[in-house]
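**Q** One structure, pasted below without further comment.
The values are calculated or read from the model by the stated rules, or taken from the named source; none is laboratory data. Computed from a predicted model, the values in this text were never measured in an experiment. Note: ideal-geometry Cβ built from the backbone for every residue, glycine included; neighbour counts use all protein chains shown. The area values use the complete protein model at the heavy-atom level, side chains included, leaving out ligands, DNA and RNA. Shrake-Rupley method; radii C 1.70, N 1.55, O 1.52, S 1.80 Å.
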Amino acid sequence: MSAAKSLKEQNAWLIRTALVVHAVAFAYVVFQPFPIVQFVEPELTRKLQAFLAPGSISLGLIALTRLVLLGLIPPQLRDRLIHWRWSNPLPGARAFTKIGPSDSRVDMSKLQKEYGALPIDPAQQDRLFYSIYRKHANDVGVLDAHKSYLAARDIGTINFLLMILLLPVAAWFAQDGKTLAIYGVFLVLAYTLMCLAAKAYGMRLVQNSLAVASR
C-alpha cells in the first residue's frame, strides 16, 4: 500500500499538468479567446509559474480538484472505463492465457512448476497474478510500468469526467461552433489516448512481473 501511495505521489505533477491543460482549453472555448502565441510570452510564463508555485492557493485548488474527481468513480467502474471491458477488466485477468504466452521473456513452464496448473478463469488469473506481482513489486521494470500505468489510468479517469462535465457547459456558453467542435474532439482524444496508454502500460506491468517471476 505504501509503495502504491508513493507512486501516486510521484505522479501528482502529471495530473496537475493535465488539469491545467484542461482549464486553459476550457477557458479558451468559453471565455474571450486569446492568441495561442501568448503562451510563449515571458509575462504569461511568469504568471503561470506563480500560479503553480508550491504552497499557492491555486495549487491547493488543483490538488483538491484532483482528489474530488478521482473519488467520484468507484474503482471497478474506473477500471471498466479505462480498459473498455465490463467483466474482469484488469489485464491480470488475461495474464496466463494471453499476455504471458505472447511475451518471449516469460517462461510459462517455470511458472507452472512454481504455481501448479495455471488458471484459465479470468478472476482466478487476476488473483494469482496479483500475488505474483506483490512478490516482485520493487523490481525496477515492474515499478516503472506500474508508475506509468497509475499515471495514465488516473489521468484517463479525469479526462473522462471532464469530458462529461465540461463539454455541455462549453456548448452552452461557446459562441464559435468550430472552436466548440475542436474542443469536443480534443476531449474525446484526450480520454481515448490515455485509455490506450493505460492499457499498454497495464499489459507491460503484467509482462514484466511474469518475466521476473519466471527467471
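**Q** Name the single residue, out of those in region 82-102 being open to solvent by less than 20 Å² (accessible area, probe 1.4 Å) and not in a helix (DSSP H, G or I), that is farthest from residue 191 (Cα to Cα).
**A** Taking the candidates together, the pick is 100.
**Q** If we scan region 12-24, do we find a residue that is open to solvent by 70 Å² or more (accessible area, probe 1.4 Å), in contact with a helix residue (DSSP H, G or I) (Cβ under 6 Å, 6 or more places away or on another chain), part of a helix (DSSP H, G or I) and modelled with pLDDT of 55 or more?
**A** Yes, the conditions are met somewhere in region 12-24.
**Q** Among the residues that make up region 165-179, is at least one of them of a type outside the set (A, V, I, L, M, F, W, C) and either at pLDDT 95 or above or touching a helix residue (DSSP H, G or I) at 6+ places or on another chain (Cβ under 6 Å) (or both)?
**A** Yes; the residues of region 165-179 include at least one that is of a type outside the set (A, V, I, L, M, F, W, C) and either at pLDDT 95 or above or touching a helix residue (DSSP H, G or I) at 6+ places or on another chain (Cβ under 6 Å) (or both).
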